[in-house]
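Here's the structure we're looking at; comments come further down.
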Amino acid sequence: MNALMERDAQLIAQPAPAPSIRAEAALSKILGYSAVIVAVLIIGIPVFWLVTGALKTNREIFNASPQWLPSHLMLDNFANAWNGAPFGRYYINSFITTILGAACEITMAVTTAYALVFVRFPKRDWVFVLLLLALMVPEEVVIVPNYLTIANWRLVNTYAGIVLPGASIAFGTFLLRQYFRTLPPDLIDASRVDGAGHVRAMISIVAPVAAPAVATAGLLSVVAKWNDYLWPLIVTTTSDMRTLPIGISWLLDQEGNTEWGVVMAATLFVVVPVILVFLYAQRFLVSGIAAGAVKG
Amino acid sequence: MQLTKHDFSASIAGRIRRDWREWLIFLAFAGPNVALFAIFTYAPMVNNLILSFNDWNMISSDKAWVGLQNYIDVFTDSQFSRIFLNTIVFTAASVTLVLALGLGGGLLLNQKLRGRNAARSILFSPHILSGAAIAIVWIYIFDPRFGLIYAVLHPLGIQSPNWLTDPNWSMPAIVIVYVWKYLGYATVIYIAGLQAIPGDLYEAARVDGAGAWMRFRHVTLPGLSPVMFFLVLTSILSSFQSFDIINIMTKGGPINSTNTLIYHLYELGFINFSIGRAGVIGMILFVLMFVVTLLQLRYLDRQVNYA
């Protein structure tokens with residue numbers, strides 16, 4: 001009996017796992033649960049430190065013998081942070097620039113990807129290559145010339161100045177184009193024969209079918225705009241135009257090392273909205289990102 | 001005869017009209033995106049190259065063409081080799097740690113475990129949090145007199161290093177923060193990659209008598225190699241772009257120990273207003289990242305074509 005047949009026979013017979021295999025499985029289960037615990041601790045302890053820091057009094061924070069828990073729930077730090085800097089204004093600025101920026105990005109990703117896949121145009125591949133070129137120029141590399149452009153247009157310290165340079169999108173367009181290409185062309189052709197224009201075909205057929213991909217790209221865009229730091233730092237010059245990430249770093253410069261409780265409370269102002277979005281969308285966000293990486 | 005000829009020309013006219021309609025639609029759909037790229041990506045790229053040959057302080061009205069002088073200045077600057085080396089060290093250390101620890105986490109969490117999905121999401125969560133906020137929290141954690149690390153080490157009688165003020169500890173500190181932020185992302189991608197490896201490959205290897213190490217070496221690693229390649233490239237790009245953590249935690253210091261190319265670009269452009277030299281750093285960063293992005297695109301393309 002040759003080896004191959006032997007293997008087939010074994011596969012058919014499905015023998016009970018040998019003790020060594022069972023021991024191995026048990027060991028990997030134990031290691032697996034340790035990994036779960038370690039993972040939760042690695043992320044959880046710094047977060048715990050952040051949250052309890054926001055609730056501690058200065059005396060508890062600057063105690064030479066470390067205190068892990070605040071003695072009582074103290075919310076003064078939140079009030080002091082809110083009054084220490086114009087956080088209401090920072091929230092408004094962050095909401096406006098995030099919504100404008102993400103809306104621009106996602107609209108352009110969908111329309112450009114649709115045009116690249118479903119609209120006939122001579123040299124449309126050249127347009128695709130232009131997008132790929134954009135993908136190869138990270139925004140950080142061109143911050144100086146872009147600042148000069150925005151300054152020339154007198155848009156420094158305006159919402160338009162914060163949003164415009166990041167309003168176009170290459171990577172999202174690239175991913176959506178790949179996704180649209182997997183859709184059956186008949187889908188569009190049928191509706192086009194029925195007399196539907198491209199706008200209607202895009203909105204009522206392609207967008208709903210691609211909804212998971214569009215939603216993942218959209219959420220990532222929202223999160224990226226909310227967290228954006230370098231560009232808003234450069235292009236805002238007064239306190240009333242700062243976004244939240246810039247606002248908390250200014251608060252750190254003013255109060256860091258002296259008022260950790262207040263600074264931690266302010267940090268929570270920035271991260272809590274994103275955490276809420278994440279709690280709501282984590283399942284499909286995480287799997288969407290993973291699928292994007294594995295399937296491309 | 002008349003009728004068919006009429007039909008023919010009408011259909012040509014109709015086709016031209018339809019073609020025009022398609023082209024206009026294409027322009028309306030793709031035009032704004034491409035136009036914005038022209039203004040904020042392609043043109044600035046050229047502009048950056050031109051600026052790199054000029055001596056200018058952003059404010060004065062005269063720009064002086066100095067040829068390659070900025071390049072000579074940058075490359076002969078006594079700090080440049082340190083900054084370049086810092087960039088390589090930061091990137092190599094953080095990419096290696098994220099990839100190795102992420103692989104371990106991915107392998108261990110890719111089993112049927114209670115709470116596995118929750119652990120996966122918790123591990124992933126720092127990836128979507130503001131880098132500025134994370135940097136601020138970690139300054140407090142690293143504080144050698146009352147931070148979290150002090151709180152852990154103090155009862156053991158160990159003194160906490162001066163993480164952010166000691167030039168020997170500042171680089172490890174920012175690497176730790178970077179790894180903390182991106183580890184979960186790598187783990188999630190690894191798990192997806194592991195789940196894409198067909199289970200019967202393992203079964204076949206097991207039947208052939210392959211032990212755990214052999215199965216890892218001959219089934220898992222080859223199966224994961226495309227995912228690893230993707231992670232290497234995206235991690236290199238994101239570590240090159242790590243500005244928020246460095247600006248908030250160390251401002252490149254102490255004594256340039258955490259100054260990297262991206263921070264140096266900001267420093268030259270918006271603190272020293274040495275626009276020409278900032279342009280040179282921009283070109284260096286561009287060349288480095290261009291090569292990595294090209295590799296990444298080839299990967300994504302291959303994935304789509306052969307998946």
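The values are calculated or read from the model by the stated rules, or taken from the named source; none is laboratory data. This one's a predicted model, so the numbers in the text were calculated from it and none came from an experiment. Here Cβ is always computed from backbone atoms with ideal geometry, including for glycine, and neighbour counts include all displayed protein chains.
Just a few scattered comments:
- Residue A:233 being hydrophobic (A, V, I, L, M, F, W, C) and within 24 Å of residue A:154 (Cα to Cα): yes
- Filter result (among the aromatic types (Phe, Trp, Tyr) and either touching a strand residue (DSSP E or B) at 6+ places or on another chain (Cβ under 8 Å) or in contact (Cβ under 8 Å) with a residue 40 or more places away in the chain (or both)) within the stretch A:202-246: A:226, A:231
- Selection from the stretch B:230-245 of residues that are farther than 11 Å from residue B:190 by Cα and outside any loop (DSSP other than H, G, I, E, B): B:232, B:233, B:234, B:235, B:236, B:237, B:238, B:239, B:240, B:244, B:245
For (1) hydrophobic (A, V, I, L, M, F, W, C); (2) more than 21 Å from residue B:90 (Cα to Cα); (3) free of Cβ contacts under 8 Å to residues at least 40 places away in the same chain, each residue gets a yes or a no:
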{"position": "B:147", "(1), (2), (3)": "no, yes, yes"}
{"position": "B:158", "(1), (2), (3)": "yes, yes, yes"}
{"position": "B:163", "(1), (2), (3)": "yes, no, yes"}
{"position": "B:170", "(1), (2), (3)": "no, no, no"}
{"position": "B:173", "(1), (2), (3)": "yes, no, no"}
{"position": "B:182", "(1), (2), (3)": "no, no, no"}
{"position": "B:190", "(1), (2), (3)": "no, yes, no"}
{"position": "B:195", "(1), (2), (3)": "no, yes, no"}
{"position": "B:199", "(1), (2), (3)": "no, yes, yes"}
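- Taking the stretch A:102-150 as the range and being over 21 Å from residue B:241 (Cα atoms) and either of a type in the set (Asp, Glu) or touching a strand residue (DSSP E or B) at 6+ places or on another chain (Cβ under 6 Å) (or both) as the test, only A:125 passes.
- Just one of the listed residues (A:141, A:129, A:117) is more than 23 Å from residue B:268 (Cα to Cα) and crowded, with 18+ Cβ neighbours inside 10 Å, and it is A:117.
- Test: residue in the stretch A:98-106 that is surrounded by 15 or more Cβ atoms within 10 Å (Cβ to Cβ), touching a residue at least 60 places away in the same chain (Cβ under 8 Å), closer than 26 Å to residue A:255 by Cβ and assigned by TED's automatic domain parsing to the domain that holds residue A:242: yes
- Qualifying helices (runs of 4 or more DSSP H) (wholly inside the stretch A:155-265; at least 2 residues being acidic (Asp, Glu)): A:185-193, A:244-255
- Residue match in the stretch B:289-298 (condition: touching a helix residue (DSSP H, G or I) at 6+ places or on another chain (Cβ under 8 Å), among the basic types (Lys, Arg) and without any contact (Cβ under 8 Å) to a residue 12 or more places away in the chain): no
- Matching residues, the stretch A:38-60, being touching a residue at least 40 places away in the same chain (Cβ under 8 Å) and surrounded by fewer than 18 Cβ atoms within 10 Å (Cβ to Cβ): A:51, A:57, A:58
- The single residue among B:33, B:54, B:48 that is on the phi < 0 side of the Ramachandran plot, facing another protein chain (nearest Cβ under 7 Å) and touching a residue at least 24 places away in the same chain (Cβ under 8 Å) turns out to be B:48.
- Taking the stretch A:269-281 as the range and being of a type outside the set (Val, Ile, Thr) and surrounded by fewer than 20 Cβ atoms within 10 Å (Cβ to Cβ) as the test, the residues that pass are A:273, A:276, A:279, A:280, A:281.
- The single condition from (1) under 25 Å from residue B:134 (Cα atoms); (2) over 29 Å from the mean Cα position of the chain (by Cα); (3) surrounded by 17 or more Cβ atoms within 10 Å (Cβ to Cβ) that residue B:189 fails is (2).
- Residue among B:149, B:136, B:122, B:158 that is surrounded by 24 or more Cβ atoms within 10 Å (Cβ to Cβ) and either in contact with a strand residue (DSSP E or B) (Cβ under 6 Å, 6 or more places away or on another chain) or of a type in the set (A, V, I, L, M, F, W, C) (or both): B:136
- Checklist (1) under 19 Å from residue B:29 (Cα atoms); (2) modelled with pLDDT of 90 or more applied to residue A:211, failing item: (2)
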